[in-house]
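Novice: Sharing a structure here in structure tokens format.
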Amino acid sequence: MRKAFEVTVLGTSSATPTKYRHPSAHYVRLEGSYMLLDCGEGAQRQLSRYGLRVLKISHVFITHLHGDHYFGLPGLITSMALYGRTEPLVIVGPPALESILQVLIAESDSVLPYDLQYIQTQTESMETVVETEQFKVISVPLKHRVSCTGFLVQEKGPELKLNVDACVQYKVPVEQYEAIKMGADYHSQSQGVIANSLLTTPGYKNRTYAYITDTLYDPEYLVPILKGVDLLYHEATFLHDRADRAAETFHSTALQAAQIAQAANVKILMIGHFSARYNDAQPLLDEAQSVFVNTVEAVEGQTYAVGE
């Protein structure tokens, strides 16, 4: 059975919370690994409301220092202490985030029974900011009013299945099995090189979730980066009749998000980060689907699978 890779949406509003929407936050589960992408105001309440495993979160990724993307983080950090967390928490974000959190923790006389480990993002180029056996996260510099990065969450692991009968036939040592599943040929002293294709069958391709929020429309830059991703979350702050306002505030429209998805040939586009002027997101969804049919609306509390 394939590993679970899914995203639960906690917030869909831009700038300010509304009666029905919270600021940005996505909870990502990849078969035993849990992470949070952005942590807007109310994120911990949303985590509790939807029964998500708060203490299992190992990494928090913050895109930028506009409050709707991180004002929930100090509260989450201190609540984790009250819940008895002892495992370190890795926080990935802009350089100033560390000093901001240190001041808030110190001035509130909060005592954390666990370590905070900081990884600073930069906006000069893409880079791998976290890599584990299960996943890799790459930061993607975006064009916004302040320094901002999106994130690619990439599944790791073998994309081939071992043909055990063939391995026995060619007398492949068991200790070579992992390398073969990763694509290696088998070099035998008596038989020469045994091609990997003789020892494996096709398996599952690794999946990618792209979190692209708060960015100016920039297809020339973004499309090559997002080619073929399984699930793309792209901000859609405005309808296209406000494209001038979107450009002025370094945001994107629903139509522009769909154009990015279509050009990048992604499998599914999820739109969110809606302006408070829209009580109903259906017009934004309709606009995006007019260009890219495989578009879904980010709905708070719903969980979306990454890939098949």
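Read the figures in this text as sums done on the coordinates, not as results from a lab. Since we're looking at a predicted model, the values are computed, not measured. Neighbour counts run over all protein chains shown; Cβ positions are idealised from the backbone, glycine included.
Novice: Report, in deg cm²/dmol and to the nearest 500, the calculated mean residue ellipticity at 222 nm for the chain, where each DSSP H run with n ≥ 4 adds -39500 (n - 2.57) and the sum is divided by the residue count.
Specialist: Values: 9 runs with 73 residues, N = 308.
For the chain, the value works out to -6500 deg cm²/dmol.
Novice: Let me ask another. Comparing 139, 99, 79, which has the greatest mean-square fluctuation in the GNM of the chain with Cα pairs linked when under 10 Å apart?
Specialist: Among 139, 99, 79, the largest mean-square fluctuation in the Gaussian network model of the chain belongs to 99.
Novice: Using the count of nearby Cβ atoms within 10 Å as a rough guide to exposure, how do 82, 10, 52 rank from fewest to most?
Specialist: On the way: 82 9, 10 29, 52 19.
Ranked by crowding around the Cβ, least crowded first: 82, 52, 10.
Novice: Between Rg and the Kirkwood Rh of region 16-55, both from Cα atoms, what is the Rg to Rh ratio?
Specialist: Details: Rg = 10.7 Å, Rh = 10.8 Å.
Rg/Rh for region 16-55 comes to 0.99.
Novice: Follow-up. When the scattering of the chain is computed by the Debye formula from its Cα atoms alone, each counted once and equally, what is log10 I(q)/I(0) at q = 0.06, 0.14 Å⁻¹?
Specialist: For the chain, the Cα-only Debye profile gives -0.23, -1.02.
Novice: Using the number of other C-beta atoms within 10 angstrom as an exposure proxy, rank 21, 53, 145 with the fewest first. Spell out each step's value before the answer.
Specialist: Working: 21 22, 53 10, 145 13.
Fewest to most other Cβ atoms nearby, the residues stand as 53, 145, 21.
Novice: Next up: Where the convex hull is taken over the Cα atoms of region 134-233, what is its projected area averaged over directions, in nm²? Write down the numbers at each step before the final one.
Specialist: Working: hull surface 33.1 nm².
Mean projected area of the Cα convex hull: 8.3 nm².
Novice: How high is the FRET efficiency between residue 132 and residue 20 when r is their beta carbon distance and R₀ equals 41 Å, given to the nearest 0.05? Please report the intermediate quantities before stating the final value.
Specialist: Details: r = 36 Å, r/R0 = 0.87.
Between residue 132 and residue 20 the formula returns 0.70.
Novice: Test of understanding: what is the full-extension gain from residue 109 to residue 193, defined as 0.36 nm times their sequence separation minus their Cα-Cα distance? Intermediate values should be presented prior to the final figure.
Specialist: Details: separation 84, 0.36 × 84 = 30.24 nm, distance 6.40 nm.
Between residue 109 and residue 193, full extension yields 23.8 nm more.
Novice: Report the rotationally averaged projected area of region 160-201 based on its alpha-carbon convex hull, in square nanometres.
Specialist: Working: hull surface 9.7 nm².
The directionally averaged projection comes out at 2.4 nm².
Novice: Which order do 13, 197 fall in if you start with the one that has the fewest other Cβ atoms within 10 Å? Display every interim value, and only then the final one.
Specialist: On the way: 13 24, 197 13.
Least crowded to most crowded, the residues run 197, 13.
Novice: Over region 160-201, what is the mean sequence separation of C-alpha contacts under 8 Å (at least six apart), divided by residue count, expressed as relative contact order in percent?
Specialist: On the way: 42 pairs, mean separation 21.4, N = 42.
The value is 51 percent.
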